[in-house]
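Peer 1: Just dropping this structure here.
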Amino acid sequence: MPLPVHSDQICFGRAELLDRLLRRAVGLTAGYRQNLALIGPPGIGKSTILQRAVELLKQHPPLLPVALHLREGSTLAEFAEQFGSTLLYRYWTDLRPAGAGRDAPQTFEALARVCQPYLPKTTALLAQGLARARRGHVSALTALFEAPGQLRKESGRLCVIFLDEFHRLSAWGGSKSYAALSRQVVVQQETMYVLASSAVEEARRVLRDRLAVLFGHFEIIPVEPFDPATSVRFLTELGGLTRLGLPTVIALADLAEGDPGTLAQIARALPARGQATDDDVPLALTALLFQPTGALARQCQEALARLPLRRRAAVLPVLSAVAQGHHRMIAIAAATGRTVTDVTRAVRTLAEHGLVTRRGVFCAVSRRLLRLWLQAAYPIQQGPVHLEAAVAEQVFAESVRAWLSQVTSRAPQQVLETVAEVMRRFQNELVELHGRRVRLPKFDVHTLLVPGAPRAVVGQRLRPEEAAPRPSGQRDDTRWLCVPYTAAVREGDAVALIQALRHAAKPWTRRLVIALEGLEVNARLLLQEHRFWVLELEDLNQLLELYGMPRLLPTALQALATVSAVPAAPAEPVEDHPQQASAS
């Protein structure tokens with residue numbers, strides 16, 4: 001019988017994932033075993049999902065959910081005691097024999113004594129594993145992982161073992177640790193394992209190389225950040241921020257990048273019970289992101305603390321320059337007074353520790369929250385002038401107000417100008433888009449009226465000898481057409497655009513559709529079939545960030561004026577005159 005999830009506030013936005021996990025666990029009672037692995041970045045909510053699943057599965061005998069967390073730096077002996085104590089405690093509290101008493105012992109030795117009459121072989125295996133672990137023998141894991149199968153034989157209970165941060169098993173024996181687990185995964189067809197890890201790449205490598213067993217493979221479930229809509233719902237429904245303006249809520253959701261922990265911190269910092277207004281946001285972010293004890297400030301400080309101590313002096317100025325808007329290696333070198341070679345080496349170190357991302361010749365701070373902290377808090381706290389606490393907080397709050405005003409005040413008609421402006425900033429650089437390296441030529445940019453479609457932006461590549469666009473300047477034949485759609489692109493929109501461009505006098509080297517509100521599947525397939533590149537909102541925002549321009553948020557994405565539908569004999573696109581282009 002499936003377990004109901006309902007609208008679970010504890011796992012807000014994760015009902016589908018939680019339901020999937022519960023259905024897999026309940027399938028074990030019908031003889032179907034599917035092991036799972038939840039993988040996602042730290043703080044994304046994996047542990048909360050596991051804890052909620054354990055609570056719900058307690059209500060569904062004969063399942064025996066057992067939750068284990070591998071703590072960083074813990075010893076093999078500590079894990080063995082945790083494993084044995086938790087397994088026996090779960091058996092004794094949930095499935096104890098009648099008349100055995102209500103209070104369960106709290107130590108392994110005491111639990112083993114009361115459970116031994118009912119689980120003699122299981123307690124013996126666990127005691128054996130603990131003894132080996134205390135001597136530092138990796139073979140302890142073999143005895144521990146055998147115990148759930150033995151408990152099944154002695155009690156009839158089906159164990160569902162939850163191992164949170166399972167990648168830390170490697171600290172006690174490397175590949176031998178995973179070999180002990182994989183053997184029991186194959187042998188114990190009536191024991192289910194649910195693994196979770198915040199070390200995404202390491203976990204995937206372990207699952208591929210060490211735990212890819214024939215009978216008992218792991219289904220990988222990525223735990224992703226909330227999408228923008230869920231993030232907004234989290235703040236308004238669960239956080240109670242109903243009086244905040246929608247643009248402000250969207251800006252906060254965008255800043256958090258869908259991280260549930262960050263969203264919860266922001267909601268808690270603002271006045272409760274729907275009393276928060278836009279004026280409260282700078283004060284809340286000051287408490288969270290500027291004050292040294294703020295939860296989000298500590299996250300940023302911990303991110304920098306992961307850098308090697310001997311390299312910090314060399315890489316922190318580079319990171320600060322990137323946060324201040326210098327994204328090309330040459331620009332970073334000029335801003336920091338270093339050579340391009342030294343900057344490249346520093347960027348490589350920062351990328352290895354997840355602080356920046358590389359995109360061709362560009363790099364950017366990997367998290368928006370960290371970037372805001374580096375832009376607004378770090379210079380005040382690390383600057384040569386010491387400010388009084390009250391003054392420093394006021395300066396930071398003003399920076400937050402300026403940021404909030406910038407990201408929430410973009411008018412709908414600015415979308416076309418934004419696309420044109422970012423194309424004007426191209427300087428023949430290489431950038432990574434959709435996993436491929438693309439050269440962005442230096443363009444002479446103007447707009448174009450396309451029948452049946454939004455006004456487009458055209459880029460005509462300038463020859464290297466041209467210092468600036470000139471009406472009579474020499475150009476080559478490279479022509480880009482970029483059509484930004486502020487409403488969802490439907491199949492009819494794609495057909496109209498294709499028909500309109502079919503009659504163009506000169507071919508386009510590259511045709512791009514920017515779908516700011518997404519697009520239908522059929523529209524995407526049709527555009528790709530006709531060799532259009534399709535960029536969505538986040539793709540455009542990545543480009544804007546690399547060129548030092550503010551992100552576009554959904555509040556700014558309303559439909560632009562379009563000309564009438566494509567007539568029976570489509571008219572040729574009409575390019576604007578230079579005077580019209582500047583005004584449009």
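Peer 1: With respect to LYS58, is the statement that it is within 20 Å of THR191 (Cβ to Cβ), modelled with pLDDT of 95 or more and touching an Asp or Glu at 6+ places or on another chain (Cβ under 9 Å) true?
Peer 2: It is false that LYS58 is within 20 Å of THR191 (Cβ to Cβ), modelled with pLDDT of 95 or more and touching an Asp or Glu at 6+ places or on another chain (Cβ under 9 Å).
Peer 1: Can you tell me which of ASP254, ASP280 is acidic (Asp, Glu) and either outside any helix (DSSP H, G or I) or within 21 Å of the chain's Cα centre (by Cα) (or both)?
Peer 2: Numbers: ASP280 fails: either outside any helix (DSSP H, G or I) or within 21 Å of the chain's Cα centre (by Cα) (or both).
Only one candidate passes the filter, namely ASP254.
Peer 1: What do you reckon, is SER139 touching a residue at least 12 places away in the same chain (Cβ under 8 Å) and either crowded, with 17+ Cβ neighbours inside 10 Å or under 35 Å from the mean Cα position of the chain (by Cα) (or both)?
Peer 2: No; evaluated as a whole, the condition is false for this residue.
Peer 1: Return the only residue of ALA377, ALA402 being over 17 Å from MET549 (Cα atoms) and either surrounded by fewer than 18 Cβ atoms within 10 Å (Cβ to Cβ) or not assigned by TED's automatic domain parsing to the domain that holds LEU448 (or both).
Peer 2: None of the others qualify; the one that does is ALA377.
Peer 1: Given the conditions (1) in a helix (DSSP H, G or I); (2) free of Cβ contacts under 8 Å to residues at least 60 places away in the same chain, and given that VAL385 satisfies all but one, which numbered condition is not satisfied?
Peer 2: Unmet for VAL385, out of (1) in a helix (DSSP H, G or I); (2) free of Cβ contacts under 8 Å to residues at least 60 places away in the same chain: (1).
Peer 1: Being under 25 Å from the mean Cα position of the chain (by Cα), surrounded by fewer than 20 Cβ atoms within 10 Å (Cβ to Cβ) and more than 24 Å from LEU546 (Cβ to Cβ) narrows it down to one of LEU238, LEU270, so name that one.
Peer 2: Of the residues listed, the single one that is under 25 Å from the mean Cα position of the chain (by Cα), surrounded by fewer than 20 Cβ atoms within 10 Å (Cβ to Cβ) and more than 24 Å from LEU546 (Cβ to Cβ) is LEU238.
Peer 1: Quick one: which of ASP476, ASP493 is outside any loop (DSSP other than H, G, I, E, B), at pLDDT 90 or above and among the charged types (D, E, K, R)?
Peer 2: After applying the criteria, what remains is ASP493.
Peer 1: When VAL438 is evaluated against the numbered criteria (1) part of a helix (DSSP H, G or I); (2) touching a strand residue (DSSP E or B) at 6+ places or on another chain (Cβ under 7 Å); (3) at pLDDT below 90, which criterion, by number, is the only one it fails?
Peer 2: (1)
Peer 1: Any idea which residue in segment 530-540 is nearest to ARG328 (Cα to Cα), counting only those that are in contact with a helix residue (DSSP H, G or I) (Cβ under 9 Å, 6 or more places away or on another chain) and of a type outside the set (Phe, Trp, Tyr)?
Peer 2: Only one residue fits best here, namely LEU540.
Peer 1: Working only within segment 42-57, note down all residues that are part of a helix (DSSP H, G or I) and β-branched (Val, Ile, Thr).
Peer 2: Of everything in segment 42-57, those that are part of a helix (DSSP H, G or I) and β-branched (Val, Ile, Thr) turn out to be THR48, ILE49, VAL54.
Peer 1: While we're looking at this one, here's another question. With the condition being closer than 20 Å to PHE108 by Cα, I'd like the helices (runs of 4 or more DSSP H) fully within segment 118-193 carrying at least 3 qualifying residues.
Peer 2: Hits in segment 118-193: 120-134, 140-155.
Peer 1: Just to be sure I understand the filter: pairs with C-beta atoms under 6 Å, separated by 6 or more residues or on different chains, first member in segment 203-229 and under 16 Å from GLY174 (Cβ atoms), second member modelled with pLDDT of 95 or more and part of a strand (DSSP E or B). Which pairs pass?
Peer 2: Every condition considered, the pairs that remain are ALA203/ILE39; ALA203/SER197; LEU207/ALA37.
Peer 1: Can you name the residue in segment 257-277 that is assigned to a loop (DSSP other than H, G, I, E, B) and among the charged types (D, E, K, R) and, of all such residues, is nearest to VAL365 (Cα to Cα)?
Peer 2: Looking at the filtered set, the residue picked out is GLU257.
Peer 1: Right, next: Hey, could you check segment 195-247 for residues that are touching a His at 6+ places or on another chain (Cβ under 6 Å) and among the small types (Gly, Ala, Ser) and say which is nearest to ALA25 (Cα to Cα)?
Peer 2: Result: SER197.
Peer 1: Quick check on my filter: what residues within segment 354-371 are of a type outside the set (Lys, Arg), more than 17 Å from ILE332 (Cβ to Cβ) and out of contact with any Cys (no Cβ under 9 Å at 6 or more places or on another chain)?
Peer 2: GLY354
Peer 1: Filter segment 174-201 down to residues that are farther than 23 Å from PRO222 by Cα, without any contact (Cβ under 8 Å) to a residue 60 or more places away in the chain and not hydrophobic (A, V, I, L, M, F, W, C), then give me how many there are.
Peer 2: At the first step, the residues of segment 174-201 found to be farther than 23 Å from PRO222 by Cα are 174-177, 179-180, 183-184, 186-190.
Okay, now just the ones that are also without any contact (Cβ under 8 Å) to a residue 60 or more places away in the chain, so 174-177, 179-180, 183-184, 186-188.
Okay, now just the ones that are also not hydrophobic (A, V, I, L, M, F, W, C), so 174-177, 183-184, 188.
Going through segment 174-201 one residue at a time, the tally reaches 7.
Peer 1: Can you tell me how many residues within segment 288-320 are over 24 Å from the mean Cα position of the chain (by Cα), in a helix (DSSP H, G or I) and not assigned by TED's automatic domain parsing to the domain that holds GLN381?
Peer 2: Looking only at that region, the number is 0.
Peer 1: Is it the case, given these coordinates, that ALA80 is of a type outside the set (Ser, Thr, Tyr), closer than 25 Å to VAL187 by Cβ, in a helix (DSSP H, G or I) and touching a Gly at 6+ places or on another chain (Cβ under 6 Å)?
Peer 2: Taking the combined requirement at face value, the residue satisfies it.
Peer 1: Test VAL200 against the stated conditions and say whether it is at pLDDT 95 or above, in the same structural domain as PRO61 (by TED's automatic domain parsing), of a type in the set (A, V, I, L, M) and in contact with a strand residue (DSSP E or B) (Cβ under 6 Å, 6 or more places away or on another chain).
Peer 2: Criteria not met by VAL200.
Peer 1: Which of the residues that make up segment 207-251 are in a loop (DSSP other than H, G, I, E, B), within 21 Å of GLN275 (Cβ to Cβ) and basic (Lys, Arg)?
Peer 2: Across segment 207-251, the qualifying residue is only ARG243.
Peer 1: Residues in segment 494-533 that are without any contact (Cβ under 8 Å) to a residue 60 or more places away in the chain, touching a Ser or Thr at 6+ places or on another chain (Cβ under 9 Å) and not hydroxyl-bearing (Ser, Thr, Tyr): how many?
Peer 2: 2
Peer 1: Also: Identify the residue in segment 352-367 that is charged (D, E, K, R) and farther than 17 Å from ARG298 by Cβ and, among all such residues, is surrounded by the most Cβ atoms within 10 Å (Cβ to Cβ).
Peer 2: Looking at residues that are charged (D, E, K, R) and farther than 17 Å from ARG298 by Cβ, I get ARG359.
Peer 1: Being within 27 Å of ALA25 (Cα to Cα), surrounded by 14 or more Cβ atoms within 10 Å (Cβ to Cβ) and touching a Phe, Trp or Tyr at 6+ places or on another chain (Cβ under 8 Å) narrows it down to one residue among LEU111, LEU158; which is it?
Peer 2: LEU111
Peer 1: For segment 527-543, what are the residues that are among the hydrophobic types (A, V, I, L, M, F, W, C) and either part of a helix (DSSP H, G or I) or under 13 Å from LEU433 (Cα atoms) (or both)?
Peer 2: LEU527, TRP533, VAL534, LEU535, LEU537, LEU540, LEU543
Peer 1: Sticking with this one: Looking at segment 200-219 only, could you name the residues that are within 26 Å of ALA147 (Cβ to Cβ), hydrophobic (A, V, I, L, M, F, W, C) and surrounded by fewer than 17 Cβ atoms within 10 Å (Cβ to Cβ)?
Peer 2: ALA212, VAL213, LEU214, PHE215
The values are calculated or read from the model by the stated rules, or taken from the named source; none is laboratory data. Computed from a prediction, not measured in an experiment: that's the story for all the values here. We place every Cβ from the backbone using ideal geometry, glycine too, and count neighbours over all the protein chains shown.
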